[in-house]
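Chemist: I'd like to ask you about the structure that follows.
The values are calculated or read from the model by the stated rules, or taken from the named source; none is laboratory data. On a predicted model such as this, the values are computed, not experimentally measured, just so you know. Cβ atoms come from the backbone with ideal geometry, glycine included; neighbour counts cover every protein chain shown.
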Amino acid sequence: MPLTSLNPIAIQRTVWQALCATLIGSLICGGSGCAGYRFGSSNLFRPDVRTVHVPVFESDSFRKNLGERLTEAIVKQVELTSHYKVVSAGEADSILSGAIVTDTKRVIAEDRNDMPRDIDVNMEVQLRWENRQGDLIRSGWNIPLPPEFLQIGKSANFVPEAGQSITTAQQEAIEGLAAGIVSQMEMPW
């Protein structure tokens, strides 16, 4: 039967029924395929860990307060970018501890009078994240290393002639380390 002989209301009803059937079918198929999918940024992190204790990071550096500054930056980063809550040791589900193992400064470029023009600051941190029983929490590490530790490094440049100092470069490196450490606490995709 040609379409011109059909009633326009019947054509509309048929199109509407086909659209509804397609929509219902796609909802059923799509919903079952995403049954395990979770929404929101809190799902990037381990569901079995809600709280973390971050003791002051150890530092054998001659530069003062690096461990304290790094610990403060990590605590701020954890609170800002994860669902974990930083608490005292007695209340924590997990403990994130570490030590600054490398703190170096090297000249990259000098002027003709051997005065440093560009200097690089490098810091490396060794991490350990464990639960209250002392077992390592490993599934969040995205970098394959031996099970007992994870080491992350960050460097930053500063130019003394431009008014920058080693403190500003260290702070840049510390903030980069803190962001890297908290990103390693995410669950792998």
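Chemist: Would you mind finding the one in Arg63, Arg117, Arg112 that is over 22 Å from the mean Cα position of the chain (by Cα), farther than 21 Å from Pro47 by Cβ and modelled with pLDDT of 85 or more?
Modeler: Values: Arg63 fails: modelled with pLDDT of 85 or more; Arg117 fails: modelled with pLDDT of 85 or more.
After applying the criteria, what remains is Arg112.
Chemist: Moving to a separate point now. With the requirement that a residue be in contact (Cβ under 8 Å) with a residue 40 or more places away in the chain and among the acidic types (Asp, Glu), what does the range 51-90 give you?
Modeler: Within the range 51-90, Glu58, Asp60 qualify.
Chemist: Sticking with this structure for a sec: Kindly evaluate Asn113 against the criterion of being surrounded by fewer than 16 Cβ atoms within 10 Å (Cβ to Cβ), among the polar types (S, T, N, Q) and not in a strand (DSSP E or B).
Modeler: It is true that Asn113 is surrounded by fewer than 16 Cβ atoms within 10 Å (Cβ to Cβ), among the polar types (S, T, N, Q) and not in a strand (DSSP E or B).
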